Amino acid sequence: MLVLGVETSCDETGLALVRDGALVSEALASQTDMHAVFGGVVPEIASREHLRMLLVLLPQLLAKSGINSADIDAVAVARGPGLLGALLVGLSFAKGLCLGTGARLIGVNHLHAHLLAPGLESDLSYPALGLLVSGGHTHLYRLDGPTQFVLLGRTLDDAAGEAFDKVAKLLNLPYPGGRYLDELAQGAEPDRHLFPRAYIHNDNLDFSFSGLKTAVAEELGKRPHLTLAVMPSADELRTRGALALTAHPEELALVSASFNWAVAETLRIKVERALDREPGLCGLVVAGGVAANSFVRQTMTRLAQGRGLRLHLPGLALCTDNAAMIAHAGWQALRAGYAHGLDLESVPRGRAVPQDWVHTAADEAGASSMLRVVLTHPA
Ligand code: KG4
Ligand code: ZN
């Protein structure tokens, strides 16, 4: 089964082709440089860029993979959570393709897709604990299968990635600054008493990073010389490296390492707690943009080794937003016999994504007849 994945939930426009769950080819256009100067994603700009780039990426992807659009069996689209306008662009594009080619449609929960992403590299072990740490979410799940997710805990305020981005902003680093804080911390020994491991003295599996963010803001208030006078461009950071841009490399490395450590430790404590409460789990999945963080990767690797769990940590390109994970998650749902009609709705950030798919016969005849029904009787 050949599935085209469409990702437009935030500031990456992605298309990918996945055959029977394995990546064939992908095309990704990042908008981060456009949003960097604003300190966050500007929704209007994001939607317009998705609209422009999808039409550029599709012919590129088909040409480089030697595939005709008529060969696509299904279109999997990220239907939320995300920026509403941005999602609508992807959904309309996916529905148009289904109408034009007769492919079936499957809406994908962007968060579940992140957690299934390591399945593109090797089969996941179930039941597993899933930690999703991205720019918008910090969620803990129990995964009983590729379409069975139980939410165990979530952030009450800022997501882990948001905390990284806000601390980076305090230092006058461009958005999204998580990766620069990771880079700044390389080789430095964290001060384990500088920042609190936020919201751990409780009995739950939820997260809260706002206290940590405030602690960092206060600390940086005492060290104003650490904030860069001029915000460097992403290009400058790529070529010269973040540490070359500061007059205080050792001090900035220490503060950054201490912050990275505090986030990774907070995540570890809640993951250990979840594992204690959910006996019998054999896998640990860590996914989302912050799963690219070196402190988080080391911490989770040690934890999984200590507990004898199989660790599923996607490669760096699969941690951040991409369409391969959407196509792969869509394929998992389709082969379990699920599909959506053309009445599929997008779900903005802050609302739960419903599992409102329709169970069809898993064969193509069943799915295309469902598409016809929806076409003649729109909801
Ligand atoms: O999953 P993702 O690409 O987008 C969302 O769905 O939110 O995650 C983006 C987030 C941003 O907050 C970014 O700063 C963070 O992931 N991030 C990192 C690193 N690489 C990306 N945070 C810490 N360390 C990194 N190496
Ligand atoms: Zn994401």
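Each reported figure results from applying straightforward, stated rules to the coordinates on display, with no laboratory input. Everything quoted here is computed from the prediction, not taken from an experiment. As a convention, Cβ positions derive from the backbone with ideal geometry for all residues, glycine included, and neighbour counts pool all protein chains shown.
Observations, loosely collected:
- Our estimate of slack between Ser233 and His201, defined as 0.36 nm per intervening residue step minus the Cα-Cα distance, is 7.6 nm.
- Positive contributions from Lys and Arg (+1) and negative ones from Asp and Glu (-1), summed over other residues with Cβ under 14 Å from the Cβ of Lys213, come out at -3.
- Label-point separation in nm, Ala247 to Ser30, each point 7 Å along Cα→Cβ: 3.0
- Sorted largest first, the spans of the alpha carbon positions of segment 128-313 along the three principal axes are 51, 33, 27 Å.
- In the chain, one over the average inverse separation of all distinct C-alpha pairs is 21.3 Å, which is the Kirkwood hydrodynamic radius.
- Spin-label model, Ala22 to Glu278: label points 7 Å out along the Cα-to-beta-carbon direction sit 2.9 nm apart.
- Entry note, segment 128-313: relative contact order of 28 percent, from Cα contacts under 8 Å with a spacing of 6+ residues.
- For the chain, the mean residue ellipticity at 222 nm estimated from helices alone is -13500 deg cm²/dmol, where every DSSP H run of n ≥ 4 contributes -39500 (n - 2.57) and the total is divided by all residues, rounded to the nearest 500.
- Nearest-20 debye value, segment 128-313 charge dipole, Cβ charges on Lys, Arg, Asp, Glu: 320
- Taken about its Cα centre, the chain carries a charge dipole of about 220 debye when Lys and Arg each add +1 at the Cβ and Asp and Glu each add -1 at the Cβ.
- Residue range of the chain that is longest and free of trypsin sites (Lys or Arg not before Pro) which are both DSSP loop and sparsely packed (at most 13 other C-beta within 10 Å): 1-191
- For Val24, residues with placed amide H under 5 Å, excluding near neighbours: Leu17, Val18, Arg19
- Relative contact order of the chain, pairs being alpha-carbon contacts under 8 Å that are 6 or more residues apart, as %: 24
- Whole-Hz couplings from phi, Karplus 6.51/-1.76/1.60, listed for segment 253-264; x for Gly and Pro: 5, 5, 5, 5, 4, 5, 5, 4, 4, 4, 5, 4
- Residues in segment 326-340 carry Karplus couplings, in order, of 5, 4, 5, 5, x, 4, 4, 5, 5, 6, 7, x, 9, 7, 10 Hz; the curve used is 6.51 cos²θ - 1.76 cosθ + 1.60 with θ = phi - 60°, and Gly or Pro positions show x.
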